[in-house]
Amino acid sequence: MIRRDARCAMWTWAATAGAALGLAAALAGQARVFRIKKVGEYPNFIALSGNGRVAYVTSFGTGELLALDLGEKKVVRSVPVGDEPLGLAVVESEKAVLVACKQSGTVAVVNSDTFRVDATIKVGAAPNAVAVGPRGYRAFVTNFGRTKEGQLDILDVREKSVTGSIKMGLSPIALAVSPINETVYVCNGGSNEVWVVDPNRRTVTNKIPVGEGPDGIAISPDGKRVFVANSRSNDLTVIDAALGKVVVTVPVGKKPFGVAVSGDGKRVVVVNTESRNVAVLPADLSSLQALTIPVDKGPVDVKIAPDNRTLLVVNEQSHSVTVAEIP
C-alpha cells in the first residue's frame with residue numbers, strides 16, 4: 001500500500017514525466033479508437049449495462065436518456081426523462097436506469113426493457129448524481145438543495161420513494177458507494193472535501209480534505225481506495241478508505257472531471273476536460289507513467305467496460321462518445 005504524501009508524489013511524478021510522456025505516446029498509438037456521433041445535445045454522463053453491450057447517456061440539452069448499441073455504434077433508443085438530466089445509474093436487478101434531472105428536481109426511473117419511464121421520484125432541489133448500493137435496493141442522490149446546504153437523499157429503488165435525507169455541505173456533486181459496506185463518499189465542492197456517510201445511521205462520519213474543485217469520484221472494487229478528480233487543482237487524490245485519509249495526490253491533465261476504476265481493480269481512468277484526453281494509470285499507482293488517449297472536445301465522463309480495457313468517454317461539446325480499446 002502506498003504511503004506517500006503529496007509533496008513526495010509531486011517530486012516522483014516530475015522526475016518521471018519525460019519517460020511517462022514517451023511511453024504514453026507509444027501506447028496511445030496502439031489504442032483502437034472510434035467515435036459515436038450525434039449523441040443527443042450536450043451529453044453529460046454515461047452508464048453501462050451489466051453485459052457492457054449497451055451504454056446509457058444523459059442528453060442535457062434535449063432532456064432525454066439515450067441508449068447506445070455499442071455493437072452497432074449508434075443511438076438506438078431515447079426517452080424524455082425531465083429537465084436537465086445529469087447523473088445516472090443502472091440497477092440490473094430491477095431492470096431500471098435511474099436519472100437525476102437537475103431542473104426538474106426529480107429522479108426518473110426508466111425501464112431498461114421497455115425504455116419507458118416507470119416512475120418519477122421527487123427529491124431535493126437540483127439533483128446532480130445518483131449511485132446504487134451493492135445490494136441494488138437502495139440508491140443515493142446528491143443535490144444542491146434549496147439553501148446554501150445541499151443534501152444526500154436516500155431512495156428505496158423497489159418502492160420508488162425517498163426514505164430519508166442527510167444534510168451535506170455546500171455544492172455536493174459527485175458520489176460513490178462502497179461495494180463492500182455501502183459507505184457513501186460525497187464530493188463537496190464548496191469546501192473541497194469528501195464527506196463519508198454511514199447511510200444506516202444517516203450520519204457523516206468523516207470529512208476528508210482533498211484538492212480544489214472535487215468533481216469526480218470512484219471507488220475500487222475491493223472498497224479500499226477512493227479516487228477523486230479535482231478540477232481546479234488539476235490532480236487526482238487517492239484516499240485510503242480504512243484510514244479515512246489521503247495517501248497521495250497525483251497531477252493529471254487540465255480540469256480533470258470524470259473518473260472510473262476497472263472491474264478488475266487494476267486501472268483508474270481520469271477525464272481531463274481541457275486537455276481533451278483521458279489519462280490511464282495503474283490503480284495501485286505502482287507507476288505514474290500515465291497513458292493518455294486524445295478524445296473529442298469537452299470530455300466529461302468515462303466508464304470502463306466489463307472487459308477492463310474498453311473506455312467509453314462522453315464528449316459534451318462534441319455531442320459524441322469516444323470508445324477506446326487500450327492495450
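Things to note:
- Residues (under 28 Å from Leu170 (Cα atoms) and open to solvent by 10 Å² or more (accessible area, probe 1.4 Å)) located in region 92-108: Lys102, Gln103, Ser104, Thr106
- Among the residues making up region 261-304, those that are farther than 25 Å from Gly61 by Cβ, open to solvent by less than 10 Å² (accessible area, probe 1.4 Å) and not in a strand (DSSP E or B) are Ser262, Ala283, Leu285.
- Complete set of residues in region 42-51 that are over 17 Å from Glu325 (Cα atoms), at pLDDT 95 or above and surrounded by fewer than 21 Cβ atoms within 10 Å (Cβ to Cβ): Tyr42, Ser49
- Count - residues of region 163-219 that are open to solvent by 40 Å² or more (accessible area, probe 1.4 Å), aliphatic (A, V, I, L, M) and part of a strand (DSSP E or B): 1
- The residues of region 36-52 that are more than 18 Å from Ala260 (Cα to Cα) and either of a type in the set (A, V, I, L, M) or under 20 Å from the mean Cα position of the chain (by Cα) (or both), listed by number, are Ile36, Val39, Gly40, Glu41, Tyr42.
- Filter result (open to solvent by 20 Å² or more (accessible area, probe 1.4 Å) and either touching a residue at least 12 places away in the same chain (Cβ under 8 Å) or not in a loop (DSSP other than H, G, I, E, B) (or both)) within region 136-154: Tyr137, Arg138, Phe144, Arg146, Lys148, Glu149, Gln151
- Out of Gln289, Gln317, sole residue that is touching a residue at least 40 places away in the same chain (Cβ under 8 Å) and over 28 Å from Gly71 (Cα atoms): Gln289
- All of Val39, Val54, Val33 fail the test of being within 16 Å of Lys303 (Cβ to Cβ), in contact with a strand residue (DSSP E or B) (Cβ under 8 Å, 6 or more places away or on another chain) and modelled with pLDDT under 95, apart from Val33.
- Test result for Val57, under 16 Å from Val130 (Cα atoms), under 20 Å from the mean Cα position of the chain (by Cα) and in contact (Cβ under 8 Å) with a residue 60 or more places away in the chain: yes
- Considering region 246-275, the residues that are touching a residue at least 40 places away in the same chain (Cβ under 8 Å), small (Gly, Ala, Ser) and in contact with a strand residue (DSSP E or B) (Cβ under 8 Å, 6 or more places away or on another chain) include one that is farthest from Arg309 (Cα to Cα), namely Gly258.
The values are calculated or read from the model by the stated rules, or taken from the named source; none is laboratory data. The structure displayed is predicted, hence computed values, not measured ones. Cβ: placed from backbone, ideal geometry, glycine included. Neighbour counts: every protein chain shown. For accessibility, only protein heavy atoms count, side chains too; no ligands or nucleic acids. Shrake-Rupley method; radii C 1.70, N 1.55, O 1.52, S 1.80 Å.
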